[in-house]
Amino acid sequence: MIILGLSGALGHDSSAAILVDGKIIAAAEEERFTRDKHAKNTFPYEAAKYCLKEAGITPDQVDIVAFPYAEIPLTSKARWHYAKRYWYAPDRALDAIFNGNRRFRRNRDKSLKLMADLGINKARFVPVEHHLAHASSAYHLSGFKEKTAIVGIDGKGEYATTFFGYGENGKIHKIKEFYDPDSLGGMYGAITEYLGFEMLDGEFKVMGMAPYGDASKYDLSRLVSFKDGELKINTDFVNVVGLRRYKEKGKGYYFTPELIEWLGPKREGDEIDDPYIHYAASVQQLLEDVALQMIDYYLGDIIRETGRIAMAGGVALNVKLNQRIIAMPHVKELFVQPASGDAGTALGAASFVAADVGETVEPMRHAYLGPSFTNEECAAACESHPKKPEFQRVDNGAIKAAELLAAGNPLAWFQGRMEFGPRSLGCRSILGDPSHPGVADRINAQIKYRERWRPFCPSMLDRVAEDILQTNHPAPYMTFTFDVADHWKPRIPEVVHEDGTARAQVVTKETNPRYYALIEELERLRGVPVVLNTSLNRRGEPMICSPEDALNMFYGCDLEYLMMEDILVTKA
């Protein structure tokens, strides 16, 4: 059976994914094709076309289109909870009761239009609840055979913000959901806005800022409570709509003027300074503490029984939280869907429907699910580019790349299939030798222009990972931080964060042979089986998809070397 998953209901991070007989063939975010970060308010036309092409499928062969946004009946607690908690915005409250599936109908119509426009005329349209799609993207793709605790925490879907359940024998069972505005992800997003970043984009910057602060200096616990199994966000300060919102320069924020009165003016600029670093530390600790309490309350018995957890939703990209989940007693393994944000719900909706119709869903082996390009296509892009690049074909791109890195150069590295999810994993990357002091600053100066306090991450060979990270827990997707062993810290200073941790990717020869060969050669030249890896893009842009994108980026920054497959582009 051929199932196409589409996401885009929440106005950001639209994507498409295709499963054929339970196997993932392709998945990609729309932003990578349109070059508009997060693909706001667009449906995944280009991503869907790519998935069909990659699978060798004509539109009329698609059996089901799965969509991660469903109707929520009036009998559900969700709409009544929403109406009660938003009593101060009567238009919203009444809408939830009397017209509570308005957004679903709008998205269904957009999906049906996309299907008609692309000629997908024989497929059945199947909506899947947003948090069930997140749950499926984690559980069904984890490969776990035992009873598995499932955690889904994000901003919100239709109404739900948080999902606890379990998976057993291929079926997902709900235990508990919380509903808007009681959202841990929403609370963290509101403070992200207060700290001067964009919600749905800057949360990982808050996480990166947190280690520079002292969480004990400011107590933010009045923002959220978890008592007797109930989560409640304090809407005197955050997670607000309408007239309760703080407004500045014509823009309304997700927090109130009362938050400003309490904590002081909203942060501006790029520097990390008092008191904001301490607020970041405090909100990070609050998120971790409350999430751990909730996980133990609702899923503790299952974790004690089997030790397996599968997790998705935007908050699952909080790698510091994930490190603490792994450290919980009885946890044997945590699987976090690498595309845990809303882009991953296209894959989740498709896998949920596949399991529901009785197919065996194959586990996710890697995240290399996007387009790839040949040497000939890369050379042709160089020949047609207006900057008339200087390029040559080298015998072995991985060996040449390692030589450039060993000399202290940052390198734009483009090879194989593009990654699905927000992390570059060695196919669309900017690389550096982490044993060269100052290489991170060079990357920042030449291209990233990112806040200097944000960490860069290591990719390392599987055979040394346990020695460096002091654990054999799987880490293929940069979804966890680990404490770096003391004897490694001075050897790879450029990828160890302020708190002594690293958000690591463990690379295997099986899933990325070319990247593995590069790191092996760097080890031969420099004695370090680790490479600094950050995503191939400029600040504020989506990750690079095609050779043309790579060249446009290359000539829009100060990087000096670009390797596309075996095509080396250099600046004069």
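The values are calculated or read from the model by the stated rules, or taken from the named source; none is laboratory data. Since the structure is predicted, the reported quantities are computational estimates derived from the model, not experimental observations. Neighbour counts are summed over all protein chains in view; Cβ atoms, including those assigned to glycine, are modelled from backbone coordinates with ideal geometry. All accessible areas refer to the heavy atoms of the entire protein, side chains included, with ligands and DNA or RNA removed. Shrake-Rupley method; radii C 1.70, N 1.55, O 1.52, S 1.80 Å.
Quick look at the numbers
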item: Unmet criterion (only one of (1) within 21 Å of the chain's Cα centre (by Cα); (2) under 23 Å from Pro211 (Cα atoms)) for Leu431; result: (2)
item: Some residue of the range 391-402 being in contact (Cβ under 8 Å) with a residue 24 or more places away in the chain, closer than 18 Å to Ser546 by Cβ and open to solvent by less than 40 Å² (accessible area, probe 1.4 Å); result: yes
item: Failed criterion for Ala445 (all others in (1) touching a helix residue (DSSP H, G or I) at 6+ places or on another chain (Cβ under 9 Å); (2) in contact (Cβ under 8 Å) with a residue 60 or more places away in the chain; (3) open to solvent by 10 Å² or more (accessible area, probe 1.4 Å); (4) small (Gly, Ala, Ser) hold); result: (1)
item: Hits in the range 144-156 (condition: under 28 Å from Gly307 (Cβ atoms) and either surrounded by 24 or more Cβ atoms within 10 Å (Cβ to Cβ) or among the hydrophobic types (A, V, I, L, M, F, W, C) (or both)); result: Phe144, Thr148, Ala149, Ile150, Val151, Gly152, Ile153, Asp154
item: Positions within the range 448-474 being open to solvent by 20 Å² or more (accessible area, probe 1.4 Å) and modelled with pLDDT under 95, in sequence order; result: Tyr449, Arg450, Arg452, Arg454, Pro455
item: In the range 147-171, the residues that are in a strand (DSSP E or B) and closer than 17 Å to Ser76 by Cβ; result: Gly152, Ala160, Thr161, Thr162, Phe163, Phe164, Gly165
item: Unmet requirement for Glu54, which otherwise passes all of (1) within 19 Å of Phe373 (Cβ to Cβ); (2) part of a loop (DSSP other than H, G, I, E, B); (3) of a type in the set (Asp, Glu); result: (2)
item: Single match in Pro338, Pro371 (criterion: part of a loop (DSSP other than H, G, I, E, B), at pLDDT 95 or above and crowded, with 23+ Cβ neighbours inside 10 Å); result: Pro338
item: Evaluation of Leu132 against (1) under 16 Å from Pro44 (Cβ atoms); (2) open to solvent by 10 Å² or more (accessible area, probe 1.4 Å); (3) within 20 Å of the chain's Cα centre (by Cα); (4) of a type in the set (A, V, I, L, M) (one fails), failing number; result: (1)
item: Exclusive hit being part of a helix (DSSP H, G or I), on the phi < 0 side of the Ramachandran plot and of a type in the set (Gly, Ala, Ser), set Ala17, Ala26, Ala47; result: Ala47
item: Wholly enclosed strands (runs of 3 or more DSSP E) of the range 404-489 bearing at least 3 residues touching a Pro at 6+ places or on another chain (Cβ under 9 Å); result: 428-432, 457-461
item: Condition check for Asp274: at pLDDT 95 or above, farther than 18 Å from Gly155 by Cβ, surrounded by fewer than 22 Cβ atoms within 10 Å (Cβ to Cβ) and among the acidic types (Asp, Glu); result: no
item: Subset of the range 1-14 that is in a strand (DSSP E or B) and open to solvent by less than 10 Å² (accessible area, probe 1.4 Å) - its residue that is farthest from Thr58 (Cα to Cα); result: Ser7
item: Residue ID - surrounded by the most Cβ atoms within 10 Å (Cβ to Cβ), chosen from residues in the range 533-567 that are in contact (Cβ under 8 Å) with a residue 60 or more places away in the chain and over 22 Å from Gly370 (Cα atoms); result: Leu559
item: Condition broken by His497, with the remaining ones in (1) open to solvent by less than 50 Å² (accessible area, probe 1.4 Å); (2) assigned to a loop (DSSP other than H, G, I, E, B); (3) under 25 Å from Phe414 (Cα atoms); (4) not β-branched (Val, Ile, Thr) satisfied; result: (3)
item: Complete set of residues in the range 236-271 that are open to solvent by 60 Å² or more (accessible area, probe 1.4 Å), in a loop (DSSP other than H, G, I, E, B) and under 28 Å from Phe178 (Cβ atoms); result: Asp236, Arg245
item: Selected residue (criterion: most open to solvent (accessible area, probe 1.4 Å)) from residues of the range 313-334 that are under 23 Å from Pro455 (Cβ atoms) and outside any helix (DSSP H, G or I); result: Ala327
item: Subset of the range 45-104 [within 14 Å of Tyr159 (Cβ to Cβ) and open to solvent by 60 Å² or more (accessible area, probe 1.4 Å)]; result: Glu71, Pro73, Leu74, Thr75, Lys77, Trp80, Lys84, Arg92, Arg102, Arg103
item: Failed criterion for Leu287 (all others in (1) of a type in the set (A, V, I, L, M, F, W, C); (2) in contact with a Lys or Arg (Cβ under 9 Å, 6 or more places away or on another chain); (3) without any contact (Cβ under 8 Å) to a residue 60 or more places away in the chain hold); result: (3)
item: Scope the range 8-31; condition closer than 19 Å to Ser424 by Cβ and at pLDDT below 95; matching residues; result: Asp13
item: Top-ranked residue of the range 205-241 - restricted to ones that are β-branched (Val, Ile, Thr) and out of contact with any Ser or Thr (no Cβ under 6 Å at 6 or more places or on another chain), ranked as nearest to Gly300 (Cα to Cα); result: Val224
item: Among the candidates Arg32, Arg105, Arg92, Arg79, residue that is assigned to a helix (DSSP H, G or I) and without any contact (Cβ under 8 Å) to a residue 40 or more places away in the chain; result: Arg105
item: Residue identified as more than 14 Å from Ala316 (Cα to Cα), in a loop (DSSP other than H, G, I, E, B) and open to solvent by 10 Å² or more (accessible area, probe 1.4 Å) among Glu193, Glu198; result: Glu198
item: Residue match in the range 209-226 (condition: at pLDDT 95 or above, of a type in the set (Asp, Glu) and not in a loop (DSSP other than H, G, I, E, B)); result: no
